[in-house]
1. Kindly indicate the residue of segment 120-131 that is touching a residue at least 12 places away in the same chain (Cβ under 8 Å) and touching a strand residue (DSSP E or B) at 6+ places or on another chain (Cβ under 8 Å) and also nearest to residue 61 (Cα to Cα) among those meeting that condition.
2. Could you check, for segment 63-70, whether at least one of its residues is assigned to a loop (DSSP other than H, G, I, E, B), over 19 Å from residue 93 (Cβ atoms), without any contact (Cβ under 8 Å) to a residue 60 or more places away in the chain and touching a strand residue (DSSP E or B) at 6+ places or on another chain (Cβ under 6 Å)?
3. Checking residue 70 against (1) within 23 Å of residue 132 (Cα to Cα); (2) surrounded by 14 or more Cβ atoms within 10 Å (Cβ to Cβ), which single condition isn't satisfied?
4. Under 7 Å by Cβ, and 6 or more places apart or on different chains, what pairs join a residue from segment 140-163 that is under 26 Å from residue 118 (Cα atoms) and in the same structural domain as residue 128 (by TED's automatic domain parsing) with one that is surrounded by 10 or more Cβ atoms within 10 Å (Cβ to Cβ) and modelled with pLDDT of 70 or more?
C-alpha cells in the first residue's frame, strides 16, 4: 500500500511527518540523567559502591573499563545510545544508566561535496579528522596516514632513537 505524503496545499507539512519528526527528536534527545560521552573520547563514571559485574547494552557504541571497583572509564566508539548496568556481588543493580555518544561539535568543520563529507578538527589549525560517515576514500587515506604515524612512533620508541635521526 502506498501512502501519499505530499502536501495537499503548498507550504503545508503532513501531520504524519510532523509526528515522525517529533518522535525522532524525542528519541535522540539527551535526558538530564544521561551520561554524555563524546565520540572518540572518554568520560569517568564513579559508582556509589564497587561493582562485581558491568553489562553494556551495545559494546559497538561505547566501551567500558573498570579502573577500580567503583570507577569506570567509558569511551565513545560510535554515535548512538546504549546503556550500562552495574551489579554488585549479590546481583543487585547499583546503577542502570543510559549513555549517549555524540559528536564534539566544538571546532569541527565538515566539508560537504554533494553526498561526500570530510571532517576536520580546527584547534587552532584545521587538520583531517576521520569520523564515521565521512567519504570512504578520505576516511581510508586519513586512517592509513594515522596508522603509519603510530607505527613510526612505535619503532622510534622501541629503538630509543631521537626523531629526525638526532
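1. Residue satisfying both the conditions and the ranking: 131.
2. no
3. The single condition residue 70 does not satisfy is (1).
4. Qualifying pairs under 7 Å: 142/128; 142/130; 143/130.
The values are calculated or read from the model by the stated rules, or taken from the named source; none is laboratory data. Since the structure is predicted, the reported quantities are computational estimates derived from the model, not experimental observations. For neighbour counting, all protein chains shown are included, and Cβ atoms are generated from backbone atoms with ideal geometry for every residue, glycine included.
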